[in-house]
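Here, each number is a calculation from the coordinates, and none is a lab measurement. For clarity, every value in this text was computed on a predicted model and none was experimentally measured. A quick note on method: Cβ atoms are made from the backbone with ideal geometry, for glycine too, and the neighbour counts reach across all protein chains shown.
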């Protein structure tokens with residue numbers, strides 16, 4: 001896994017995608033194995049520890065407070081203050097810059113998140129994960145709740161993340177979505193790695209076979 | 001673009017509950033017109049001074065309830081805690097011979113302990129708050145009776161500063177007008193400084209004309225209240241303190257990290273936790289804040305009555321405080337509301353009570369009307385939630 005790379009993790013339900021995401025983002029402790037960062041093993045004991053190692057997670061649901069607006073959500077837990085009071089001007093300014101970098105289209109940063117579409121919420125959640133300048137962004141099932149146009153919008157966003165020098169890990173059920181954007185595709189099946197593919201050269205059939213366990217494995 | 005468009009967009013914002021205080025202010029105005037039409041003395045300066053003073057105890061308790069509603073919880077023991085506080089202060093001063101400040105401090109500590117107990121029980125043991133605070137209501141009421149002793153009532157000396165503060169102290173015209181000027185100037189400065197900073201940061205900012213209208217509206221509003229109440233006894237000291245408390249809580253809720261966390265926890269505690277908000281700490285502080293305000297309400301109640309007895313902080317006080325918070329526009333579903341709803345709601349509840357007493361109606365009518373208004377407020381709250389979810 002390195003910068004400017006998109007790695008997709010695909011697999012059926014129960015293949016271990018969410019567990020992998022949990023381990024990477026520090027939400028779950030691994031039973032076995034080790035995580036290497038720059039060649040050295042690290043322990044990701046908590047989400048904060050993972051963030052300190054440059055790994056930020058974006059979860060498929062309940063990442064945002066619906067009653068708060070975009071700025072409030074982006075800086076939740078990391079608010080800027082000025083003389084003890086919230087510094088709305090600075091936060092609103094950074095919010096526009098952050099969303100601008102992702103070319104995310106949000107009608108206003110002062111509308112409650114409840115009023116945004118799925119892709120817009122996803123963009124806000126991702127923008128928030130970028131606040132700590134992470135090296136790797138881990139996205140759990142980002143396209144699960146998105147419609148067709150919204151998925152296209154989201155995939156464009158992943159490409160912008162890559163071109164800005166972040167490594168991206170994303171999990172998905174959908175082989176098609178993943179093929180559109182991934183450099184490398186890792187297939188999980190029943191908790192084990194069942195093949196690793198080049199995102200550009202592998203075929204849908206090949207991947208499907210690895211996901212379902214039918215036919216060839218590498 | 002029709003002439004009605006601004007009205008329509010206003011209605012759309014009201015419907016989903018973005019502008020909560022506006023409809024309540026209209027309801028209060030309407031209520032006053034109806035009561036004044038039946039009995040013109042309702043709107044006399046004398047009666048309105050009474051009304052403002054009467055609204056203070058329920059209002060301070062409602063302010064605590066507003067805090068707990070912000071995290072989607074309800075503390076049923078605010079009345080009982082206020083009763084215990086009144087008893088502690090009266091007994092401490094009269095029987096114990098303590099200085100008043102010490103008695104008040106002790107009551108505040110007891111209130112803080114009660115609030116921490118609720119907060120810890122909820123965050124550590126996941127006990128349902130409504131039932132747990134109901135248990136608290138019973139236990140605290142028992143303590144209150146124990147503290148009051150066999151007579152069941154303790155009178156505070158009339159020369160005590162607490163009684164003077166609560167009963168006879170009014171802001172002098174000089175003080176009132178100085179406060180008005182300070183508040184209006186402060187408000188204007190904060191608005192225009194923010195505008196300048198926003199423009200410098202190349203963010204959209206409200207026009208000067210619009211801000212000027214806002215400042216003039218606040219100035220006229222405060223000016224009218226002070227001038228009209230001033231034709232009688234003026235602005236009561238405890239009412240001024242109450243409004244000050246509301247302003248302080250409003251500032252905490254809207255402009256500090258703690259306030260933002262409170263709203264986040266009320267909206268979605270799990271999302272807030274993942275974002276790094278110390279959810280448990282926030283919840284405990286909210287319950288402590290609520291109990292502390294309940295203690296303050298009880299101290300003021302003791303002062304107003306110049307006594308503490310078994311009826312101080314009776315369940316009706318708690319019911320009125322919760323009603324006031326909800327009528328004032330703070331949502332029962334968490335994450336939405338305003339400190340000002342305590343002021344508006346307390347004024348509505350007290351106007352009903354005060355107006356019906358002027359009309360020679362008894363307690364039954366007062367409870368029925370307040371109940372109907374509360375039912376209306378809860379229904380509107382639920383409808384707004386539905387409108388938001390459909391949007």
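Once you compute Rg and the Kirkwood Rh from C-alpha atoms, what is the Rg to Rh ratio for region B:214-338?
Taking Rh as the inverse mean 1/r over Cα pairs, Rg/Rh reads 1.04.
Provide A:46, B:9 in ascending order of the number of other Cβ atoms located within 10 Å of each residue's Cβ, fewest first.
So the residues, fewest neighbours to most, are B:9, A:46.
How far is it, in nm, from the label point at residue B:362 to the one at residue B:36 when both lie 7 Å from their Cα along the line to the Cβ?
Spacing of the two 7 Å Cα→Cβ label points: 3.1 nm.
Percent antiparallel among DSSP beta bridges with both residues in the protein assembly as shown, to the nearest 5?
Values: 15 of 32 bridges.
Beta bridges within the protein assembly as shown, antiparallel portion: roughly 45 percent.
Could you please rank B:70, A:166, A:173, placing first whichever residue has the fewest other Cβ atoms within 10 Å of its Cβ?
Details: B:70 28, A:166 23, A:173 16.
Going from least to most buried by this count: A:173, A:166, B:70.
What does the helix-only formula give at 222 nm for chain A: each DSSP H stretch with n ≥ 4 adding -39500 (n - 2.57), the total divided by the residues, and the result rounded to the nearest 500 deg cm²/dmol? Provide the component values of the computation, followed by the final result.
Values: 8 runs with 75 residues, N = 218.
Computed mean residue ellipticity for chain A: -10000 deg cm²/dmol.
Would you list A:5, A:205 from fewest to most Cβ contacts within 10 Å?
Arranged by neighbour count, lowest to highest, A:5, A:205 become A:205, A:5.
Taking each residue in A:99-108, count the Cβ atoms of any other chain within 10 Å of its Cβ, then average. What number comes out?
Per-residue shielding by partner chains comes out at 0.
Given C-alpha coordinates of region B:170-235, what is the ratio Rg to Rh with the Kirkwood estimate of Rh?
Rounded to two decimals, Rg over Rh is 1.15.
Using Cα pairs closer than 8 Å and at least 6 residues apart in sequence, work out the relative contact order for region A:9-121, in percent.
Details: 95 pairs, mean separation 22.3, N = 113.
Value for region A:9-121: 20 percent.
Determine one quarter of the surface area of the Cα convex hull of region A:33-86, which equals its mean projected area, and express it in nm² to one decimal.
6.0
Tell me the Kirkwood hydrodynamic radius of region B:1-128 in angstroms, computed as one over the mean inverse distance between distinct C-alpha pairs.
Evaluated over region B:1-128, this radius sits at 18.9 Å.
Determine how many Å³ per residue the convex hull of the Cα atoms of chain A encloses.
Cα convex hull per residue, to the nearest whole number: 127 Å³.
Distance between the C-alpha centers of region A:148-218 and region B:166-208? Whole Å please.
Centre-to-centre (Cα) distance: 57 Å.
Relative contact order of chain A: what whole-number percent is it, with Cα pairs under 8 angstrom and at least 6 residues apart?
Reported as a whole number, the value is 32 percent.
Tell me, rounded to the nearest percent, the portion of alpha carbon pairs in the protein assembly as shown spaced more than 46 Å apart. Each step should come with its number before you reach the end.
Working: 53364 of 185136 pairs.
Within the protein assembly as shown, distances greater than 46 Å cover 29 percent of Cα pairs.
How large is the convex hull of the C-alpha atoms of region B:323-391 per residue, in Å³?
71
Restricting to bridges with both residues inside chain A, how much of the DSSP beta-bridge set is antiparallel, in percent to the nearest 5?
Around 40 percent antiparallel, to the nearest 5.
For residue B:203 paired with residue B:44, estimate the spin-label separation in nm (one decimal), with each label point 7 Å from Cα along the Cα-to-Cβ line.
With each label point 7 Å from Cα toward Cβ, the separation is 5.1 nm.
Against the longest alpha carbon principal axis of chain A, how many degrees, from 0 to 90 and to the nearest 10, is the axis of helix A:118-129 turned?
With rounding to tens, the tilt is 80 degrees.
Between residue B:161 and residue B:124, what's the calculated FRET efficiency when r is the beta-carbon distance and R0 is 51 Å? Round to 0.05.
E between residue B:161 and residue B:124, to the nearest 0.05, is 0.80.
What FRET efficiency would be calculated for the residue pair residue B:22, residue B:175, taking the C-beta separation as r and a Förster radius of 30 Å, to the nearest 0.05?
That pair, residue B:22 with residue B:175, gives E of 0.50.
Taking just the alpha carbons, could you work out the radius of gyration and Dmax for region B:93-171, both in angstroms?
16.4, 47
Along the Cα→Cβ direction, 7 angstrom out, place labels at residue A:5 and residue B:232. What is the inter-label distance in nm?
7.8
Note the angle between two axes, namely the Cα long axis of helix A:88-101 and the longest principal axis of the Cα atoms of chain A, as a number of degrees from 0 to 90, rounded to the nearest 10.
Tilt of helix A:88-101: around 30 degrees.
May I ask for log10 I(q)/I(0) of chain B at q = 0.07 Å⁻¹, from a Debye sum over the Cα atoms as equal point scatterers with solvent left out?
Normalising to I(0) and taking log10 leaves -0.33.
Any chance you could tell me what percent of the C-alpha pair distances in region B:269-385 go past 17 Å? Working shown, then result.
Working: 4459 of 6786 pairs.
Cα-Cα pairs in region B:269-385 separated by more than 17 Å: 66 percent.
PRE reach from residue B:8 (point 7 Å along Cα→Cβ): which of region B:371-391 fall under 18 Å by backbone N?
Within reach of a label on residue B:8, which here means backbone N under 18 Å from a point 7 Å along Cα→Cβ, region B:371-391 contributes B:391.
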